[in-house]
Amino acid sequence: MTDNSVSLERIPQHVGIIMDGNGRWALARGQPRLAGHRAGVENLRRTITATVEFGIKYLTIYAFSTENWGRPPEEIRGLMFLLDEVLEKELDELHRQGVQLRHIGRLEGLAPHTQEMVREAIRMTRNNTRLVLNVAFNYGGRAEIVHAIRRMIADGVRPENVTEELVNQYLYTAGQPDPDLIIRTAGEIRVSNFLLWQAAYAEYYAANVYWPDFDKNEYRRALEHFASRERRFGLTSAQVQVQG
Ligand code: IPE
Ligand code: IPE
Ligand code: MG
């Protein structure tokens with residue numbers, strides 16, 4: 001079922017979300033940070049459903065950055081546990097919804113059983129077409145570019161053959177459209193190493209609520225904001241209007 005409350009021609013094809021503010025959400029309630037992450041996972045489930053209803057085809061969620069390894073060990077343990085739990089409990093439902101699960105980032109560094117579950121989830125859902133869900137976990141935009149450069153060199157790519165299209169093919173998101181809209185919650189306006197290459201012309205939207213409180217109305221507001229933007233890609237406004 002598609003939600004028609006947002007004008008459909010202006011729905012972004014690919015949305016990225018920096019899910020921020022779980023810790024502050026919990027702190028405001030006098031709860032441990034992990035309770036915020038748990039509430040964040042609940043909200044992710046609702047957000048995936050809403051994404052399908054809005055007719056968006058690609059969603060990339062930022063769940064754990066390469067810099068997040070610097071957090072206290074017990075918080076890291078909690079986040080790893082939540083990832084395992086989501087894979088165990090939510091996979092069937094995601095599969096039923098037609099979600100194709102992908103991972104972007106480095107699997108190395110995660111526990112072997114987690115790596116295996118992620119691989120299995122990718123295998124199981126690979127033919128689903130309703131929504132491509134990229135989970136950025138142990139992800140860094142700079143690490144991704146370094147990884148791409150290393151592989152190009154290892155493949156013996158000649159300097160004159162390095163083009164933007166080729167670089168695209170070496171990124172974790174190879175074959176996918178660039179994000180049109182990046183939403184960040186908790187009122188922060190910074191990139192924090194998310195999709196550095198791919199978001200070159202993305203529209204950014206800062207939602208003034210913590211991630212666990214980012215509901216479908218907030219989502220709709222972000223999409224309406226996107227629909228009202230004129231994307232010029234370096235051209236003038238007059239040129240863009242001629243092109244329609
Ligand atoms: C986002 O919430 C989730 C992760 C980075 C894993 P935070 O944990 O960053 O929450 P704040 O920013 O401390 O409130
Ligand atoms: C960005 O949030 C990473 C994720 C949402 C996974 P952070 O909370 O880690 O970012 P900074 O530290 O505020 O830039
Ligand atoms: Mg944060």
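DSSP finds beta bridges in region 14-243, and of those with both partners inside it, around 0 percent are antiparallel. Within a Cβ distance under 14 Å of VAL86, other residues only, what is the Lys/Arg minus Asp/Glu net charge? So the surrounding residues net to -4.
With Cα atoms defining each centre, region 38-68 and region 190-226 are spaced 11 Å apart in the structure. Here the contact order of the chain, divided by its residue count and restricted to Cα pairs under 8 Å and six or more residues apart, works out to 28 percent. This model, with +1 at the C-beta of Lys and Arg and -1 at the C-beta of Asp and Glu, gives region 14-243 a dipole about its Cα centre of some 120 debye.
Considering only GLN169, GLY36, VAL132, and ranking their Cα positions along the charge dipole of region 14-243 that arises from unit charges at the beta-carbon of Lys, Arg, Asp and Glu, the one farthest toward the positive end is GLY36.
Each peptide in 162-173, 195-206 gets a packing score, the mean of other Cβ atoms within 10 Å over its residues, and the list from highest to lowest is 195-206, 162-173.
Run the numbers on region 1-96 and let me know its relative contact order in percent, using alpha-carbon pairs under 8 Å that are six or more apart. Result for region 1-96 is 36 percent. Go through VAL99, MET117, PHE226 and say which Cα lies farthest out towards the positive end of the charge dipole of the chain; charges sit on Cβ, +1 for Lys and Arg, -1 for Asp and Glu. Ranked along the dipole, the leading option is PHE226.
Here, each number is a calculation from the coordinates, and none is a lab measurement. These numbers come from a predicted model, not from an experiment. Reconstructed Cβ throughout: ideal geometry from the backbone, glycine too, with neighbour counts over all protein chains shown.
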